[in-house]
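The structure appears right after this line, and notes come after that.
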Amino acid sequence: MSIDNSLKAFEEAQQLIPGGVNSPVRAFKSVGGTPLFIAQGEGGYLVDIDGNRYVDYVQSWGPLLFGHRDESIENAVIEAVKHGLSFGAPTQAESDLAKLVISMFDSMDKIRFVSSGTEAVMSAIRLARGFTGRDDIVKFTGCYHGHSDSLLVQAGSGAATFGNPSSPGVPADFTKHTLLAEYNNMESVKKCFADSKNIACVIIEPIAGNMGLVPADKEFLHELRALCDAHGTLLIFDEVMSGFRATLHGAESITGVKPDIVTLGKVIGGGMPVGAFGARAEIMAKLSPEGPVYQAGTLSGNPVAMAAGLAAISKLKNNPQVIATLNERAVRLVEGMQKEAAACGIAMQIDTRGSMFGFFFNQNPVKNFADACKSDEALFAKFHSMMLEEGFYFACSLYETGFISTATTDAMIEETIKASGRVFKALTNG
Ligand SMILES: *Cc1c(COP(=O)(O)O)cnc(C)c1O
């Protein structure tokens, strides 16, 4: 397999763009090697600029529930383009997509569209602060909510609840209102509430996908809801990744825990840049121009992006069995790989939610970020590059979730399992 063209393209890109990429995770840094430059997608496959084909388990990091070049989404986009790319004025498609999404989430009366997940979460936090008149927020270590300042906070020592910025360029003053708790650990959340009487919201990925796939325990979410209610604090479910992937009607429909605000992204744009946040009318009424909390965007609700989102979400709503079908395939994939790994004496923790799958090379179950960090990173890096050689494109970090699409066939899954068997054998004998 030659990747000469990708090597050359990456060389040039590095001269022009920091690290050669426009989003750091694409750089293959944690697994070594060079990112592949992509020429096109075909259903469940990616084709690089050297003409190599890969079974794609990244699916643009989540958005492509129906695979590359889904006909109905593609046609909807082409049709929309013919009417103009952007108007900066309302269009019917915004209400159509709003109606559709609101009908799928019990907790939503109204929604606002933005252009990325980062923007959706950033705006939801501002709304929660504006609604409650409080400043502090609680987030969980290992949960990712986009790259806005107050959310870019990592764990300090286990004792520190007030966060330190995890990136230079973020003033400590901007993150001093961000309190950190441990995922699936109620005591750590209670400590935050003991430390601050000023908590506007708790934000959580109810099905965490940014420390590998680590779903929250149902009981934990119920306790979180009760604690928030007792303190007049809003609960935000960040479902930018899990929305429309793990389930049709949000995590609230499978956990029985209703959030105050939901943030969405990825699948909601069908591959175009769309994010959204929604809540009950009373909360959304605080948003400008109805209320005083300012939030805006030149390209928000862009007609081409709305057309793609509308095509994707209508297709899902009309084919609700898709989530269960994809989950069967996801389960077959990770169980198959786990069996191959076990035959070679490699311990693998696996989990799935709908079309999301996760695996850790780890002896023990993973319940939080600290557990995830105990996974065998070196083994993952080797697995990643050898699977790539075999023609299977997995996310280039062990802290990422895998995705399948309706274009990921049973045959692709079987081939992947077989290839993983070859790779595990090579890794343990060679
Ligand atoms: C991807 C993601 C974001 C950020 O979305 P962008 O579109 O990359 O800005 C926020 N929250 C979660 C849970 C995500 O997975």
What is the Cα convex hull volume of the range 1-102 when expressed per residue in Å³?
-> 165
Mind sorting MET284, MET241 by how few other Cβ atoms lie within 10 Å of their own Cβ, fewest first?
-> MET284, MET241
Using per-residue counts of other Cβ atoms within 10 Å, averaged over each peptide, order 54-64, 30-40 from highest down.
-> 54-64, 30-40
Size of the dipole of the range 71-318 about the Cα centre, Lys and Arg at +1 and Asp and Glu at -1 on the beta carbon, nothing else charged, in debye to 20?
-> 200
Karplus 3J(HN,Hα) series, Hz, for the range 87-103 with 6.51 cos²θ - 1.76 cosθ + 1.60 (x for Gly, Pro) = 10, x, 9, x, 10, 4, 4, 5, 5, 4, 5, 4, 4, 4, 5, 4, 5
Length gain on complete extension for the stretch VAL81 to GLN321, per 0.36 nm per residue less the alpha carbon to alpha carbon distance?
-> 83.3 nm
Using amide H atoms built 1.01 Å from N in the peptide plane, name the residues 5+ places from PHE244, or on other chains, whose amide H lies under 5 Å from its own.
-> GLY250
So in the range 71-318, what percent of DSSP beta bridges are antiparallel if you round to the nearest 5?
-> 45
Within the chain, helix-based [θ] at 222 nm, where runs of 4 or more DSSP H residues each add -39,500 (n - 2.57), nearest 500 = -12000 deg cm²/dmol
Answer with one residue from VAL304, VAL322, VAL153: the one whose Cα lies farthest towards the positive end of the charge dipole of the chain, charges on Cβ with Lys, Arg +1 and Asp, Glu -1.
-> VAL153
When ranked by the protection proxy of mean other Cβ atoms within 10 Å per residue, highest first, what sequence do the peptides 411-424, 211-224 form?
-> 211-224, 411-424
When the charge dipole of the chain is computed with +1 at the Cβ of Lys and Arg and -1 at the Cβ of Asp and Glu, the Cα pointing farthest to the positive end, of ALA27, ALA281, LEU65, is that of ALA281
What residues have an amide H closer than 5 Å to that of ALA208, excluding those fewer than 5 places away on the same chain, when H is modeled at 1.01 Å from N in the peptide plane?
-> VAL214, ALA216
Per residue of the range 285-301, in order, report the coupling 6.51 cos²θ - 1.76 cosθ + 1.60 (Karplus, θ = phi - 60°) as ³J(HN,Hα) in whole Hz, putting x for Gly and Pro.
-> 5, 6, 7, 4, x, 5, x, x, 7, 7, 6, 7, x, 4, 9, 4, x
Restricted to the chain, the DSSP antiparallel beta bridge percent, nearest 5, is 60
Whose amide H sits under 5 Å from the amide H of GLY44, counting only residues 5 or more places off or on another chain, with H placed in the peptide plane?
-> HIS68
Which length gain, in nm to one decimal place, applies between ILE17 and VAL331 when the Cα-Cα distance is subtracted from 0.36 nm times their residue separation?
-> 109.2 nm
Note, the range 333-338: 3J(HN,Hα) by Karplus (6.51, -1.76, 1.60, θ = phi - 60°), whole Hz, Gly/Pro = x, goes 4, 6, 5, x, 5, 4
Cα-based Rg of the chain per 2.2 N^0.38 Å, rounded to two decimals?
-> 0.97
The answer for the net charge of residues other than MET412 whose Cβ lies under 13 angstrom from its Cβ, with Lys and Arg +1 and Asp and Glu -1, is -2
Simple Cβ-charge dipole of the chain, Lys/Arg +1 and Asp/Glu -1, about Cα centre, in debye nearest 20 = 480
Reach of LYS258 by Cα under 16 Å, taken over lysines that are not fewer than 8 positions away in the same chain | LYS110, LYS218
Order the peptides 117-123, 132-138, 337-343 from the highest to the lowest mean number of other Cβ atoms within 10 Å of their residues.
-> 117-123, 132-138, 337-343
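The numbers here are math on the coordinates, done by the rules we state, and not lab data. Not measured: the values here are computed from a predicted model. Every residue, glycine as well, gets a Cβ built from its backbone with ideal geometry; the counts of neighbours run over all protein chains shown.
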